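The values are calculated or read from the model by the stated rules, or taken from the named source; none is laboratory data. The model shown is predicted, which means the values in this text are computed figures rather than measured ones. Methodologically, a virtual Cβ is constructed for each residue, glycine included, from the backbone with ideal geometry; neighbour enumeration extends over all protein chains shown. Areas reflect the complete protein model, heavy atoms only, side chains present, ligands, DNA and RNA absent. Shrake-Rupley method; radii C 1.70, N 1.55, O 1.52, S 1.80 Å.
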Amino acid sequence: MNRSDRIAAREALQDQARRLQQESLRDLLEREPERVERDVAEVAGVHLDWTRQRLDAGAWETLFAAARAADVPGALGRLFAGERVNVTEGRAALHTALRLPREARCELDGEDVVPAVHAVLDRMEAFVRAVHEGAHRGFSGKAIDTVVNIGIGGSDLGPRMVSRALADHACPGPAGDPLAMHFVSNIDGEALSRVLRQVDPETTLFVVASKTFTTQETLTNARAARDWLVACADGDGAAVAAHFVAVSTARERVTEFGIDPEHMFGFWDWVGGRYSVWSAIGLPLALMLGMDGFRRFLSGAHAMDEHVRNAAPEGNAAVRMALVDLWNQDTQGAESRAVLPYDERLFFLPSYLQQAEMESLGKRVRLDGTPVEGHTGALVWGAVGTDGQHAFYQLLHQGTRRVPAEFIGVARPGHDLPAQHPMLLANLVAQAEALALGRTEEEVRAEMTAAGHTPAEVDALAPHRSFPGDRPSTLILLEDLDPERLGALIALFEHKIYVLASLWEVNAFDQWGVELGKQLAGRVLADLDPAGRPGPHDPATTATIEWLRGRLGGGG
Ligand code: F6P
């Protein structure tokens, strides 16, 4: 496909948007009753509802044409086939191979990667069993009852988000209760200290998770945890072997750190950090859920992979999701998207998607290095409902910006206060309805008049009390929050991200944008040392460093 076809196809979206400008969501819902079927899909246990998007049949058709002009089907084919789609690092992005069943094949450079994937899963299984059966014990002979994952970014957010989401599915640990799970990511010593205050060194397993095993936050926290453990074991360095395991692609660095390669679970450079929850990075999840639960999570993702790989754009949930984002961004002026899970179990989903989407799509040049036209990745933010309703929804309903919302709800609760669940979900539905339809000034006036307000009061308050509506949202509903459905949901988002990257011709799998700050932090750290002399910086940075040098507590 050539670039002018792509550009023409995206320009055609503007014509569609102009055509629809005078029609509100109210009008669209009335004019196209068929949208409640056309714009709803049920895929791998995930119910998707785009009926409240400002799109009609003609706009969808133009969007599908844009997907074809960008050769989205070809791009998906290359992803699944293990081509080096991560061009700046010369790597494939084969996270889909991590969830393939044992009997499948997936070749990378002529070699089937599935046996290696399952060999690691089998090693994880043996380790999980040893922990659960109490065969793997701490330095004093006690069984493990607590897991502390030390990692950041993709080596933290996936396990953190899923462990919260699937806590109801935790299986019994050696003492009968599920293992307690903790996550430490930030270099802020507060994060690790808080966790160390809560855990028992004799029964705690630290999982040091880092693809590169060079990440400052992770290695610093891991060293501090190791020192704490050794001190608790009366200086016996041998204690480390029983309490530390590593998940990484960097065997030598793991060994150098002092973790036995027997206790290292590997993965590969073709697994991006933010796409790695399916790999050994999921070890904390396997420890929490049991290996059966973790494999169910993988199989849900695989079911979604099969759908995305095989469905034509028109019936492909990931393609449709991406096209909705493209539409909102290119034609509706959306700069961000609010992710609004109406379920405490999905508390960390907005943060997880922030990394997945913003690290993947926050790019300004195309695969060939030339600048993109228009915008790429949107800002992703959000919080669980109903807390968000009492914080930022005012702006969603009456602010000057149109912020597309993504509501996520689960029909079956995980708690035993079932009477509250319909209230929660009623809020989800009501918010979507309110955003779409709003309330016109005429309606407000009629209501206020009927309630006995004077005409002067009505005049003064009606503008404040009316809602423009016409604000788009997508509903994503699950019947239950189980490992399969959560796996499918996350895989769907991953594929949506890749489809958007194909539409924009950007690399979804590198993250050069995080490097500069990391490098400069190394220099600034040296400059903060009161014993040294700060190196040259711009005047603003120099002034900040000077201010801090006089005041820094601790090891600065
Ligand atoms: O933030 C940059 C990043 O490279 C992420 O992409 C990655 O998930 C994270 O750091 C952690 O990296 P690692 O797993 O190598 O410690």
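Table for the structure above
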read-out: Which listed residue, of GLY153, GLY141, is open to solvent by 10 Å² or more (accessible area, probe 1.4 Å) and within 16 Å of the ligand (Cβ to nearest atom); value: GLY153
read-out: Where a residue in segment 40-69 is at negative phi and its partner, wherever it lies, is buried (at least 18 other Cβ atoms within 10 Å of the Cβ) and modelled with pLDDT under 95, with Cβ under 6 Å and at least six apart; value: ALA65/ALA9; ALA66/ALA9; ALA66/ARG10; ALA69/ARG6; ALA69/ALA9
read-out: Looking only at segment 171-196, and only at residues there that are within 16 Å of the ligand (Cβ to nearest atom) and within 21 Å of LEU287 (Cβ to Cβ), the one that is surrounded by the fewest Cβ atoms within 10 Å (Cβ to Cβ); value: ALA191
read-out: Those residues of segment 197-229 which are surrounded by fewer than 19 Cβ atoms within 10 Å (Cβ to Cβ) and in a helix (DSSP H, G or I), in sequence order; value: ARG197, GLN198, GLN216, LEU219, THR220, ARG223, ALA224, ASP227, TRP228
read-out: Filtered residues of segment 347-367 (kept if in contact (Cβ under 8 Å) with a residue 40 or more places away in the chain, in contact with a strand residue (DSSP E or B) (Cβ under 8 Å, 6 or more places away or on another chain) and in a helix (DSSP H, G or I)); value: LEU349, LEU353, GLU357
read-out: Filter pass, GLU83 being assigned to a loop (DSSP other than H, G, I, E, B) and open to solvent by 40 Å² or more (accessible area, probe 1.4 Å); value: yes
read-out: Single match in LEU28, LEU98, LEU55, LEU48 (criterion: among the aliphatic types (A, V, I, L, M), in a helix (DSSP H, G or I) and either touching a Ser or Thr at 6+ places or on another chain (Cβ under 8 Å) or buried (at least 21 other Cβ atoms within 10 Å of the Cβ) (or both)); value: LEU98
read-out: Residue that is farthest from the ligand (Cβ to nearest atom), among those in segment 504-552 that are of a type in the set (D, E, K, R) and more than 34 Å from the chain's Cα centre (by Cα); value: ARG533
read-out: Near pairs, Cβ below 6 angstrom, 6+ apart or cross-chain, from segment 190-214 (in contact (Cβ under 8 Å) with a residue 60 or more places away in the chain and assigned by TED's automatic domain parsing to the domain that holds PRO261) to any residue that is open to solvent by 30 Å² or more (accessible area, probe 1.4 Å) and within 16 Å of the ligand (Cβ to nearest atom); value: LYS211/THR249
read-out: Failed item in (1) within 16 Å of the ligand (Cβ to nearest atom); (2) in a helix (DSSP H, G or I); (3) in contact with an Asp or Glu (Cβ under 7 Å, 6 or more places away or on another chain); (4) not basic (Lys, Arg), with ALA491 passing the rest; value: (1)
read-out: Test: residue in segment 219-230 that is in contact (Cβ under 8 Å) with a residue 60 or more places away in the chain and within 12 Å of the ligand (Cβ to nearest atom); value: yes
